[in-house]
Amino acid sequence: MKYLPLGKSGLMVSQYVLGTLTFSGTNGFEALGGIGVAQARRFIDMALDAGVNAFDTANLYSKGDAEKVLGEALAGRRDQVLVFSKGRSAMTDGPNGGGASRGHLVGQLDATLKRLRTDYLDLYFVHQWDGVTPIEETVETMSGFVKSGKIRYWGFSNYSGWAIAKTAMVAQSPGFVPPVAHQIYYTPEAREAEYELITAGSEFGIASMIWSPLGQGLFGGKARRDGAMPAGTRQAAEGWREPYVTDWDRYADVLAAIEAVAAETGRSVPQVTLAWLRERPGVGPIVIGARDERQLSDNLASDSLQLSAEQTARIEKPGRPRAIYPFWHRAMWAMDRPSSAERSYLEGYRDSIGL
């Protein structure tokens with residue numbers, strides 16, 4: 001297992017992080033899985049044996065019950081691992097039941113620590129952008145958590161490019177602690193993060209940690225090229241709205257390329273997908289999850305798969321984002337002075353527009 005420095009920090013995180021969205025499966029999360037404490041302990045054993053040193057959860061997952069399962073499953077070995085969680089989601093009714101305000105986050109972090117049976121988190125994320133709370137208040141609150149010892153590092157998730165830049169710049173003010181990581185959705189088909197999110201993270205020393213790298217099952221080896229999913233999957237469950245796919249024809253082309261490489265290498269579709277993502281420019285730790293031991297074992301085994309340059313390119317091209325403005329313009333006229341973080345992506349746009 002490879003270990004990566006988490007953004008501009010000295011914390012070393014395994015290339016794969018075990019996610020806990022499938023833990024518990026209560027309070028509206030029944031379609032995602034129902035991993036109890038005993039099976040969670042088995043998952044943790046398998047992850048540790050593979051070299052994973054970090055576990056990711058959130059107060060939102062099963063409305064706190066996933067944190068409870070993880071906390072109980074980690075009993076006796078908390079000091080051997082890194083534990084990440086998130087806050088900001090609405091957990092109670094009322095105007096202050098959610099958000100990134102001091103008033104909401106202070107209580108939510110305390111509740112998270114209690115459920116996880118720990119005195120501190122290694123990394124705490126603001127789960128979504130809050131357009132009401134002043135960003136200075138959020139940054140000050142997270143900085144205070146670090147200084148109090150309740151968290152070691154902080155980050156955010158699902159921010160737009162300008163929100164990343166604004167947060168990072170505010171956090172450079174004296175007395176504040178800068179964020180070191182952000183979590184983003186990124187798959188071989190869903191690559192909007194390439195426009196600004198990954199490069200913004202690289203520019204500010206904020207690691208891009210990937211959530212749901214298999215597209216919530218679209219690259220899990222069971223989906224057809226039309227996106228149809230078998231019964232028992234979360235997408236087949238009534239009312240589950242994710243993932244949002246903008247172009248199903250593009251998805252079919254990407255999946256076809258991955259399936260061809262899987263056949264060539266004798267590996268599974270998930271393993272090829274994870275191996276491809278692992279080597280993308282600017283990509284940091286990848287959060288993997290599973291509903292059973294077979295899935296987890298298969299995902300972890302991808303660590304040994306190295307794709308050829310030709311195989312990588314064959315998967316990359318059909319899913320490449322369109323060269324929208326200002327990226328087509330920069331690809332045409334600004335390739336004399338690109339930053340290292342954006343160079344490879346701009347070169348892809350140049351290829352797309354025939355330059």
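If the requirement is being open to solvent by less than 10 Å² (accessible area, probe 1.4 Å), within 18 Å of residue 210 (Cβ to Cβ) and not basic (Lys, Arg), which of these qualifies: 254, 283, 287, 261? Reasoning before the result, please.
On the way: 283 fails: open to solvent by less than 10 Å² (accessible area, probe 1.4 Å); 287 fails: open to solvent by less than 10 Å² (accessible area, probe 1.4 Å); 261 fails: within 18 Å of residue 210 (Cβ to Cβ).
Among 254, 283, 287, 261, only 254 is open to solvent by less than 10 Å² (accessible area, probe 1.4 Å), within 18 Å of residue 210 (Cβ to Cβ) and not basic (Lys, Arg).
When you look at residue 47, is it open to solvent by 40 Å² or more (accessible area, probe 1.4 Å), small (Gly, Ala, Ser) and at pLDDT 95 or above, yes or no?
Numbers: open to solvent by 40 Å² or more (accessible area, probe 1.4 Å): no; small (Gly, Ala, Ser): yes; at pLDDT 95 or above: yes.
The answer is no for residue 47.
Using the structure shown, decide if residue 4 is in a loop (DSSP other than H, G, I, E, B) and under 18 Å from the mean Cα position of the chain (by Cα). Give the derivation first.
Numbers: in a loop (DSSP other than H, G, I, E, B): no; under 18 Å from the mean Cα position of the chain (by Cα): yes.
Answer is no for this residue.
Condition test on residue 290, is it assigned to a helix (DSSP H, G or I) and not charged (D, E, K, R)? Can you show your working first?
Working: assigned to a helix (DSSP H, G or I): no; not charged (D, E, K, R): yes.
So residue 290 fails the test.
Within the bounds of the range 23-34, is there any residue that is under 26 Å from residue 3 (Cα atoms), assigned to a helix (DSSP H, G or I) and open to solvent by less than 10 Å² (accessible area, probe 1.4 Å)?
Restricting attention to the range 23-34, the residues satisfying the condition of being under 26 Å from residue 3 (Cα atoms) are 23.
Checking which are assigned to a helix (DSSP H, G or I) leaves us with none.
Scanning the range 23-34 turns up no residue that is under 26 Å from residue 3 (Cα atoms), assigned to a helix (DSSP H, G or I) and open to solvent by less than 10 Å² (accessible area, probe 1.4 Å).
Can you name every residue in the range 53-76 that is farther than 10 Å from residue 20 by Cβ and either open to solvent by 40 Å² or more (accessible area, probe 1.4 Å) or among the aliphatic types (A, V, I, L, M) (or both)?
Those that are farther than 10 Å from residue 20 by Cβ and either open to solvent by 40 Å² or more (accessible area, probe 1.4 Å) or among the aliphatic types (A, V, I, L, M) (or both): 54, 60, 63, 68, 72, 74, 75, 76.
Residue 333 passes all but one of (1) over 18 Å from residue 188 (Cα atoms); (2) in the same structural domain as residue 202 (by the TED database); (3) without any contact (Cβ under 8 Å) to a residue 12 or more places away in the chain; which number fails?
Answer for residue 333: the failing condition is (2).
Quick check on my filter: what residues within the range 10-48 are of a type in the set (Gly, Ala, Ser) and within 18 Å of the chain's Cα centre (by Cα)?
14, 19, 47
Kindly indicate whether residue 311 is outside any loop (DSSP other than H, G, I, E, B), in the same structural domain as residue 219 (by the TED database) and not β-branched (Val, Ile, Thr).
Numbers: outside any loop (DSSP other than H, G, I, E, B): yes; in the same structural domain as residue 219 (by the TED database): yes; not β-branched (Val, Ile, Thr): yes.
For residue 311, the condition - outside any loop (DSSP other than H, G, I, E, B), in the same structural domain as residue 219 (by the TED database) and not β-branched (Val, Ile, Thr) - is met.
Residues that are in contact with a Lys or Arg (Cβ under 7 Å, 6 or more places away or on another chain) and either modelled with pLDDT of 95 or more or open to solvent by 10 Å² or more (accessible area, probe 1.4 Å) (or both): list the helices (runs of 4 or more DSSP H) wholly contained in the range 84-182 that include at least 1 such residues.
Details: elements: 102-116, 135-148, 161-170.
Output list reads 102-116, 135-148.
The values are calculated or read from the model by the stated rules, or taken from the named source; none is laboratory data. What you see is a predicted model; the values in this text were computed from it and never measured. For neighbour counting, all protein chains shown are included, and Cβ atoms are generated from backbone atoms with ideal geometry for every residue, glycine included. For accessibility, only protein heavy atoms count, side chains too; no ligands or nucleic acids. Shrake-Rupley method; radii C 1.70, N 1.55, O 1.52, S 1.80 Å.
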